[in-house]
Amino acid sequence: MIELVPSENLEFAIKEGQRINEFGEKHRDGLGFSDITEIGELKVKVSDRKLDFSKALEILKSTGLPPITQVVHQNVGLKKSEDPPFGFGSQKFGVLLEENNGHLNRIWLTGFTENEEIKNKTKSGLHNFSKSFDFIAVNWYQGTVFDLRKESEADKFVNNVCQHGV
């Protein structure tokens, strides 16, 4: 899972990423893993911030990434929405948002940017979003954390996490 979370979780995300990576190394069996572990509870959840969902959409919409109005969810199937969109991106990549009572409930990323245009728009959008709302990015798959409020970290995140073949 790759998600954006409030910056108050920075220290927790670093330590939790290390714990998850160590657990994975201890349980690697050559073909995969012999056991799994859950991600611990965030100190401050996205929903705790009570952020206006429309403002989050506005920032991401300003990037020029197309809106995503259809998403296939595992064990659910195809979900369609016109207003608000599920997120922004392309056929192969998405910044997805979850809304609850007009507030941003969760924001995560899936897939890979397929070209420079999508990559640059994503970098700009995530940096602007993170500066505006004081968020960081966590790649729980790799146990890495990126302070997207810094342009150089947004660049590193998109180049190392969101780009296919990396």
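Brief remarks follow.
- Dipole magnitude for the chain: about 220 debye, using +1 per Lys or Arg Cβ and -1 per Asp or Glu Cβ, origin at the Cα centre.
- Phi to ³J(HN,Hα) by Karplus 6.51 cos²θ - 1.76 cosθ + 1.60 over the stretch 90-104, Hz, x for Gly, Pro: 8, 5, 10, 8, x, 9, 9, 10, 10, 10, 9, 6, x, 10, 6
- If you take the Cα centroid of the stretch 106-152 and the Cα centroid of the stretch 30-83, the two points sit 12 Å apart.
- Accessible area per residue for the chain, computed on protein heavy atoms with a 1.4 Å probe, is 58 Å².
- Dipole axis of the chain (+1 Lys, Arg; -1 Asp, Glu on Cβ), positive-most option in Gly32, Trp140, Asn159: Asn159
- Ellipticity at 222 nm from helices only: DSSP H runs of n ≥ 4 in the chain, each -39500 (n - 2.57), divided by the residue count, give -10500 deg cm²/dmol.
- Distance between modelled label sites at Ile36 and Ser54, nm, 7 Å Cα→Cβ extension: 3.9 nm
- With 25 Å as the limit, the listed pairs Lys79/Lys150; Lys15/Lys131; Lys80/Lys156; Lys55/Lys119 have Lys79/Lys150; Lys80/Lys156 beyond it between alpha carbons.
- Prolate/oblate/rounded call for the stretch 42-166, Cα gyration tensor, a/c under 1.5 rounded: rounded
- Computed in the context of the full set of protein chains, the accessible area of the chain at 1.4 Å probe radius has 48% of its extent on carbon or sulfur.
- Crossing angle, helix 151-160 versus the chain [Cα axis fit, 0-90 degrees, rounded to tens]: 70 degrees
- Base-10 log of normalised Debye intensity for the stretch 126-166 (one unit scatterer per alpha-carbon) at q = 0.24, 0.32, 0.35 Å⁻¹: -0.74, -1.09, -1.18
- Added length on full extension, which subtracts the Cα-Cα distance from 0.36 nm per residue, Asn75 to Lys92: 4.1 nm
The values are calculated or read from the model by the stated rules, or taken from the named source; none is laboratory data. All of these numbers come straight from a predicted model, not from anything done at the bench. Reconstructed Cβ throughout: ideal geometry from the backbone, glycine too, with neighbour counts over all protein chains shown. With ligands, DNA and RNA removed, areas are computed over all heavy atoms of the protein, side chains included. Shrake-Rupley method; radii C 1.70, N 1.55, O 1.52, S 1.80 Å.
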